[in-house]
Structures are given as structure tokens and as C-alpha cells.
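Comments concern the structure below.
Quick note: the coordinates plus some simple rules give every number you see, no bench work behind them. For clarity, every value in this text was computed on a predicted model and none was experimentally measured. All Cβ positions, even for glycine, are placed from backbone atoms using ideal geometry, and neighbour counts span all protein chains on display.
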Amino acid sequence: MPTSLCGTWDMVSSVNSEGYMMALDISVHVRKIAMMLKLRKVIEQQGDQYIIKTLSTFRNYTVCFRVGEEFTEFTRGLDNRHMKSLVKWEGNKLVCEQIGEKKNRGWAHWIEDDKLHLELYSEGEVCKQVFKKNA
């Protein structure tokens with residue numbers, strides 16, 4: 001069984017956020033605001049359902065899913081796209097494939113050295129974020 005990702009996590013670093021947002025066609029104005037934000041992740045598990053909340057002073061985003069079950073996702077407040085998403089465990093990584101308008105889109109969460117790592121990818125751009133657990 002993979003390590004639990006559950007908890008409240010505060011961002012400590014982010015690499016290539018702007019390149020990733022450009023790949024999603026997010027406007028320059030929103031990108032500038034987003035680049036200044038320190039995100040907080042709240043990951044919960046209720047039975048077989050996961051709830052991942054991405055919180056900031058600008059916008060919040062919540063996604064709920066069951067591992068191994070495809071679902072329809074609408075990225076309201078992010079890039080406002082509809083897609084089919086499928087989350088599965090690949091070793092110790094929780095990996096999501098998002099099928100829609102953008103190619104090779106998705107994300108992966110995993111724990112390494114007591115930190116939560118997140119890679120977001122789309123159209124060949126990869127954003128790498130690291131979070132520390134909030135005590």
C-alpha cells in the first residue's frame with residue numbers, strides 16, 4: 001500500500017509554473033497573479049474516495065475521485081476545460097491522466113523525504129511543485 005498523501009501541505013517551491021500555464025492557454029494577467037501565490041493542498045480520503053483541494057488567496061479548486069474510475073472533470077477557475085480523467089496508483093505515485101483538448105495532460109502526487117511532490121504536465125511542459133506538511 002502506498003504512503004498516505006492525506007494531510008494539509010504548504011508549497012515550498014515551484015518550478016516552471018508559467019510554462020505549464022502557457023501550455024494551458026491561461027492569460028498573462030492570471031499567470032502573473034498565480035506566480036505570486038503560495039498554494040496549500042488539503043488531501044483527504046473518505047472510504048475509497050479522494051478529495052484534493054488546492055487553496056490560495058486567489059482561487060480554490062477541488063477534485064473528487066475514486067482510484068481506477070474514470071470521471072468527468074471541469075477545471076473551473078483554472079483553464080475552464082472539460083475532460084475525462086482517470087487516477088491510478090503507479091508504484092508510490094498517484095497519477096492522473098486527463099484526456100481532452102490538451103495533449104499529454106495530467107499530474108502525479110507522491111511522498112519523498114517527508115515532502116509532497118506534484119508534477120503537472122501538459123503539451124510537453126512540466127511544472128514541479130514541492131509541499132511540506134503543515135504541523
Run the quick spin-label model on THR72 and GLN45: label points 7 Å from Cα toward the beta carbon, then report their separation in nm to one decimal. 2.9 nm
Which lysines, if any, have their Cα less than 19 Å from the Cα of LYS102, not counting same-chain residues under 8 positions apart? LYS84, LYS128
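Between LEU37 and LYS115, what length in nm is gained on full extension when 0.36 nm per residue of separation is reduced by their alpha carbon distance? Can you show the working numbers first?
Details: separation 78, 0.36 × 78 = 28.08 nm, distance 1.89 nm.
Full-extension gain reported as 26.2 nm.
Checking a compactness column here: for the chain, what do you get for Rg(Cα) / (2.2 N^0.38 Å), N being the number of residues?
Working: Rg = 14.1 Å, N = 135, 2.2 N^0.38 = 14.2 Å.
Ratio of Rg to 2.2 N^0.38 Å for the chain: 0.99.
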Projected convex hull area of segment 91-134, Cα atoms, direction-averaged, in nm², equals 3.5 nm²
Pulled fully out, how much extra length does the chain show between ASN92 and THR3, if you take 0.36 nm times their separation in residues and subtract their Cα-Cα distance? 31.4 nm
Under 24 Å from the Cα of LYS133 - lysines, other chains or at least 8 residues apart: LYS38, LYS41, LYS53, LYS88, LYS93, LYS115
